[in-house]
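Accompanying notes for the structure given below.
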Protein chains: 2
Amino acid sequence: MEANITLARVAREAGVSASTVSRILTGSANVSPEKREHVQRVLAKLNYRPNVLARGLASGRTMSVGVLTQDISSPFYGDMVRGIEQGLGGSGYQTVFMSGHWHAKAEMEAIESLLARRVDALAVLGGSVPDEQLRTVAQSVPLSLLGRTVAGLEGQCLRLDQLEGARAITHHLIEMGHRRIAHITGDMSHPDAQDRLAGYRAALDEAQLAFDPELVQQGDFLEASGYLAATRLFEGRSVFSAVFAANDQMAYGARLALHRRGLRVPDDVSLVGYDDLPGSTYTSPPLTTVRQPTFQMGQAAAQWILHQLAGQPYLLPPLTVQLVIRESTARRRST
Amino acid sequence: MEANITLARVAREAGVSASTVSRILTGSANVSPEKREHVQRVLAKLNYRPNVLARGLASGRTMSVGVLTQDISSPFYGDMVRGIEQGLGGSGYQTVFMSGHWHAKAEMEAIESLLARRVDALAVLGGSVPDEQLRTVAQSVPLSLLGRTVAGLEGQCLRLDQLEGARAITHHLIEMGHRRIAHITGDMSHPDAQDRLAGYRAALDEAQLAFDPELVQQGDFLEASGYLAATRLFEGRSVFSAVFAANDQMAYGARLALHRRGLRVPDDVSLVGYDDLPGSTYTSPPLTTVRQPTFQMGQAAAQWILHQLAGQPYLLPPLTVQLVIRESTARRRST
DNA sequence: TTGTATGCGTTATCAT
DNA sequence: ATGATAACGCATACAA
């Protein structure tokens, strides 16, 4: 346990006042070139490391932005996080993560903890904290919301039109000749699941295809539920030639259920997902899905935060979902 | 921007001294029940939130442990991170993450940044920071290493025997009747890649099977390299009935290459990976692989850290890799 | 049991 | 341009 080098120690060693050292460190005022150079040499020699706590306490700013992610290893949010990190890169602000595990209480505690650390700004990815609480948080710190919409904070929310993405991919299946399209929903308490189901229905309506409740099975966004839902689909008496899973993870599960029954994708059944997870490029076959520009969303959030911190206006860029057609969809075979 | 409630403010409001409030907060000394209750009421009314910076500065402890992860969304390390979080749960210590992106310089900066935040302990997951620097870091703070071994710090390193896992899974293939087994290596500058190749060779030796360099293709642990390596394997003139990829991600890539050539797994070619990523349960077919008890490793690291912080001894539990046999391997077909 | 005084390491406000 | 000094918000040793 080596003692930490303090600024005062450096000052003594260099024969100057602490203020001078501080000025050099922060670049807040002019210091004579000779002194500056000499002090910097001492700084390096002693391997001085500023104490972020003391600095934050004295200056009122910690030069850090807190990021609440749900699952530290969620592939979907991971890309957003990278976007945030990249967008913040070089700004001097650092990222501090905490995870909420999709549990409102844990999320709120994580946010409290981040605020207790006096982060200068906050980014919240998804989650289930009540809107009301987020509005309160937004009053005390710049708050960027990703993947969710909070009434009253629309200008700082980054969430794409999920209905449109679902409509587009369902439409794609219809164009391929599919008439009986099954849908595996996400956790219906989640707006994304609701919107994607709505998009599915919208596409059906447009094509004047009847909506058949038997073709819709509930899932919860996880692989296992996709597997189970697909299995239920087979056990029912409905026929279908395509499956739209409300996210890629459930599509993976459904893919396995198909595989187990000896059905080929896309020859026998077309399969699509939503999110375009990194892994979807390498499934067999690669998955047709809807891509959300998650990285760009993260970057945009970072930009919004930086501008907010600098007191400058910033308009979030208009981002849109994009159809990624790979090999899991094919024209319906004429029986 | 609401002003933050300070402890002094609470003290004034409650008609007691700041020390009393502090004592109640930290539980460091006895306070009369009436006063305690009254102050707690004020605390709640004002929605007091302690300033972590001031607290850390004054007490010398921040009640936080820093975690350096390589990629915030790596599925492999994600499980370890969850283990750490779970192991630290309820201890009062919080987790602060930073990511290093497998880039030595960025990793060292992240570590510096964590230390500047005065974390009470550190956990480093994998990474490419030179051992020498880690030994230095270990002198100033309890440091737990996961997924790597640093000479001199063996007692605080959690890394399983990779050679043994590779040997076991190769042996499994041999037992299934495979004689010509291809191997896709990881990034050979990484010890894991070296050890897994060594394990592959060890199993071959045991079975008195000749080692054929043509059956070994280099990869870099990412999906794309697995795809490419498998493709190269086909383009060569060697025949083989099984492929051992040095990790699951590359196995996914190889799986796709197989799929593209119309080869069935495991009917035509058996395929195995390493790591047992969450997704490997749901590939088609589910992947036979080597499971590392990553969650338990995380928990063990947390325990080690907590004991270290409490000045108590703690021996890391003996963890071992485990063969997970699923459906991507089958007995070699008699041609 | 409670209050007072001091210090934590830094920045910021004064002087000079 | 530089130094002394006062915050920053809290914990803690010391008094009472």
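What follows is calculated from the coordinates using simple rules that are stated; it is not laboratory data. Predicted model only: the values in this text are computed from it and were never measured. Methodologically, a virtual Cβ is constructed for each residue, glycine included, from the backbone with ideal geometry; neighbour enumeration extends over all protein chains shown.
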Completion exercise
Expected integer from the mean partner chain Cβ neighbour count at 10 Å over B:115-124 is 3
Completion exercise
Reduced to Cα centres, the span from segment B:231-245 to segment B:56-73 in Å works out to 46
Practice task
Could you rank the peptides A:305-315, B:166-176 by their average count of other C-beta atoms within 10 Å per residue, with the highest value first?
Solution key: B:166-176, A:305-315
Completion exercise
Expressed in Å to one decimal, the Kirkwood Rh of chain A from all distinct alpha-carbon pairs is 22.6
Problem - Convex hull per residue volume in Å³, alpha carbons only, for segment A:48-89 - result: 105
Practice task
Specify the residue with the greatest mean-square fluctuation among A:TYR227, A:TYR93, A:TYR48, computed from a Gaussian network of chain A linking alpha-carbon atoms under 10 Å apart.
Solution key: A:TYR48
Completion exercise
Summing -39500 (n - 2.57) over every DSSP H run of at least 4 residues in chain A and dividing by its residue count gives a helix-only mean residue ellipticity at 222 nm, to the nearest 500 deg cm²/dmol, of -14000 deg cm²/dmol
Problem - Over segment A:269-335, relative contact order from alpha-carbon pairs under 8 Å, at least 6 apart, % - result: 42
Handout entry: Euclidean distance of C-alpha centroids, segment A:90-120 and segment A:165-199, integer Å
Key = 33
Practice task
Pull up the cross-link candidates among the lysines for B:LYS35, meaning alpha carbon to alpha carbon under 20 Å and not fewer than 8 places away within one chain.
Solution key: B:LYS45
Handout entry: Equivalent-ellipsoid semi-axes of the protein assembly as shown, from the Cα gyration tensor, Å, largest first
Key = 47, 34, 22
Practice task
Name the most mobile residue of A:SER189, A:SER91, A:SER32, meaning the one with the largest mean-square fluctuation, in a Gaussian network model of chain A with Cα contacts below 10 Å.
Solution key: A:SER32
Exercise for the section: For chain A, find the longest principal axis of its Cα atoms and tell me its angle to the long axis of helix A:104-116, 0 to 90°, nearest 10. Expected result: 20
Exercise for the section: Can you pull a Stokes-Einstein diffusion coefficient for segment A:1-95 at 4 °C (1.567 mPa s), Rh from Kirkwood over Cα pairs, as a whole number of µm²/s? Expected result: 82
Completion exercise
Cα-Cα pairs in segment A:169-227 separated by more than 18 Å, as a whole percent of all pairs, come to 33
Handout entry: B:GLU109 versus B:SER140: modelled label distance in nm, points set 7 Å from Cα along the beta carbon direction
Key = 1.8
Exercise for the section: Considering Cα pairs under 8 angstrom that are at least six residues apart, work out the relative contact order of segment B:209-335 and quote it in whole percent. Expected result: 22
Fill in the blank from the handout: At q = 0.11, 0.18 1/Å the base-10 log of I(q)/I(0) from the Debye formula over the alpha-carbon atoms of segment A:162-291 is -0.30, -0.87
Problem - Additional length obtainable on full extension of the chain from B:GLU13 to B:SER59, 0.36 nm per residue less Cα span - result: 14.1 nm
Handout entry: At most 15 other Cβ within 10 Å, DSSP loop - trypsin sites (Lys or Arg not before Pro), segment B:238-335
Key = B:ARG261, B:ARG264, B:ARG331, B:ARG333
Exercise for the section: Could you work out the mean count of beta carbons from other protein chains within 10 Å of each residue's beta carbon in A:135-145? Expected result: 1
Problem - Per-residue average of Cβ from other chains inside 10 Å of B:79-85 - result: 3
Fill in the blank from the handout: Across all Cα atoms of segment B:7-49, Rg and the largest Cα-Cα distance (Dmax), in Å, are 8.9, 23
Completion exercise
Spelling it out for B:GLN218: with amide H atoms placed in the peptide plane at 1.01 Å from N, the residues 5 or more places away or on another chain with amide H under 5 Å from its amide H are B:THR185
Problem - Shape parameters for segment B:45-181, alpha-carbon atoms, Rg then Dmax in Å - result: 18.9, 74
Fill in the blank from the handout: Diffing segment B:12-17: the Karplus 3J(HN,Hα) column from phi (6.51, -1.76, 1.60, θ = phi - 60°), in whole Hz with x for Gly and Pro, holds 4, 4, 8, x, 10, 7
Practice task
Just name one of A:PRO130, A:VAL67, A:GLY89: the one whose Cα is farthest towards the positive end of the charge dipole of chain A (beta-carbon charges, Lys/Arg +1, Asp/Glu -1).
Solution key: A:GLY89
Completion exercise
So, relative contact order of segment A:144-209 in percent, Cα under 8 Å, 6 or more apart, is 34
Problem - With Cα atoms, 0 to 90° folded angle of helix A:75-88 axis to chain A main axis - result: 30
Practice task
Mind pulling the angle between the C-alpha long axis of helix B:162-175 and the longest principal axis of chain B? Nearest 10 degrees, somewhere in 0 to 90.
Solution key: 40
